[in-house]
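Q: Below: one structure in structure tokens.
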Amino acid sequence: MEKINAGLIMLAEMREKLPPSEKKVASYILEHPSKAIKMTAVELGEASNTSSAAVIRLCKSLNVSGVQELKLRIAGDLQREKTDDHDIEPNEPLRSIVEKVTMQSSQILKQTADLIDAVELERAVSALSNANRIFFFGVGASGITAMDADQKFLRINKNSKAFMDLHLGATAVVNAEEGDVVIGISFSGETHEVAKILEIARETPATTISLTRYGSSLVSSLADICLYTSPNVEAAFRSGATSSRLAQLHVIDILFMCVATSNYEQTIDYLDSTRTAIQGLHKKVNTRKK
């Protein structure tokens, strides 16, 4: 999976959390992206009044392989057509609303795909494929994502369970064993309940996975494996976690498909069985008098 985009997103999201010298480099690149992609590490250091070492450290902080990958990502961002992120206006025409919501959804999905790290994804898929039990946890809109993940993995005969209540989640997770997987879902990465669940899970032999917006956060710091969605902020009128929920569901779909294809033939059998069972629910129940 080649990474070619999301450089500017990564820089913007991490800038305020970086050490001073790295922050200066990030700020320069964000202000002059077209110039930056033509510079060497030494030239970037000079232009930002830092050093080439600060540029290298910045790449490590962003978890990219080096200056070349960072520049390729930024170049990909610059080539992409820019889209407006205007909020819905009063009495806006229906067609305009359709176009705005669709554009925002498309953008958030593509940005999320760009932020997926191949190594972390592979580790997550391996853990889920071999899991004895899977616990999904989220609150609010992230709880909806947890429930969606649960029903998907149940369909391929995975022993999964979704929790939205901290007490019930803690009760289940505290007894997690080796081979179990605990997934904490939080867009902000700072949700207290999700962090607490992962904190409890860390005291067990279970593998922990976080799904948060890109960047360092409390929730991701407590996970063995970190997956990210685009950090784009919701417009005010769509503050009901519209885009963030869509991005989370996108990652869950990717995880599900990856796990499903790792054991393709068995997965097809499971899906056929569940489909037949669901279809049978609509048939009239046979009653027999004794």
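Q: Does Val181 qualify as being among the aliphatic types (A, V, I, L, M), within 14 Å of Gly140 (Cβ to Cβ) and in contact with a strand residue (DSSP E or B) (Cβ under 7 Å, 6 or more places away or on another chain)?
A: no
Q: Out of (1) exposed (fewer than 14 other Cβ atoms within 10 Å of the Cβ); (2) at pLDDT below 80; (3) not charged (D, E, K, R), the odd one out for Thr267 is which?
A: (1)
Q: Could you list all residues from the range 103-119 that are part of a helix (DSSP H, G or I) and open to solvent by less than 50 Å² (accessible area, probe 1.4 Å)?
A: Those that are part of a helix (DSSP H, G or I) and open to solvent by less than 50 Å² (accessible area, probe 1.4 Å): Gln104, Ser105, Gln107, Ile108, Gln111, Thr112, Ala113, Asp114, Leu115, Ala118.
Q: Could I ask something else about it? Taking the residues in the range 219-233 that are closer than 20 Å to Arg15 by Cβ and open to solvent by 40 Å² or more (accessible area, probe 1.4 Å) as candidates, determine which candidate is modelled with the lowest pLDDT.
A: Checking each candidate, the answer is Val233.
Q: So which residues in the range 253-264 are open to solvent by 70 Å² or more (accessible area, probe 1.4 Å) and part of a helix (DSSP H, G or I)?
A: Met257, Thr261, Ser262, Tyr264 - these are the residues of the range 253-264 that are open to solvent by 70 Å² or more (accessible area, probe 1.4 Å) and part of a helix (DSSP H, G or I).
Q: Still on this structure: What number of residues within the range 154-176 are modelled with pLDDT of 95 or more and under 26 Å from Thr242 (Cβ atoms)?
A: Residues that pass the stated criteria total 7.
Q: Filter the range 85-139 down to the residues that are hydroxyl-bearing (Ser, Thr, Tyr) and either in contact with a His (Cβ under 9 Å, 6 or more places away or on another chain) or within 20 Å of Ile74 (Cα to Cα) (or both) and list them by number.
A: Answer for the range 85-139, where residues must be hydroxyl-bearing (Ser, Thr, Tyr) and either in contact with a His (Cβ under 9 Å, 6 or more places away or on another chain) or within 20 Å of Ile74 (Cα to Cα) (or both): Ser106, Thr112.
Q: Oh, and also: Give, as residue ranges, the helices (runs of 4 or more DSSP H) completely inside the range 1-71 that count at least 3 residues that are open to solvent by 50 Å² or more (accessible area, probe 1.4 Å) and either closer than 22 Å to Asp114 by Cα or out of contact with any helix residue (DSSP H, G or I) (no Cβ under 7 Å at 6 or more places or on another chain) (or both).
A: Because the criterion is at least 3 residues that are open to solvent by 50 Å² or more (accessible area, probe 1.4 Å) and either closer than 22 Å to Asp114 by Cα or out of contact with any helix residue (DSSP H, G or I) (no Cβ under 7 Å at 6 or more places or on another chain) (or both), the helices (runs of 4 or more DSSP H) in the range 1-71 that meet it are 20-31, 52-61.
The values are calculated or read from the model by the stated rules, or taken from the named source; none is laboratory data. What you see is a predicted model; the values in this text were computed from it and never measured. For neighbour counting, all protein chains shown are included, and Cβ atoms are generated from backbone atoms with ideal geometry for every residue, glycine included. Areas reflect the complete protein model, heavy atoms only, side chains present, ligands, DNA and RNA absent. Shrake-Rupley method; radii C 1.70, N 1.55, O 1.52, S 1.80 Å.
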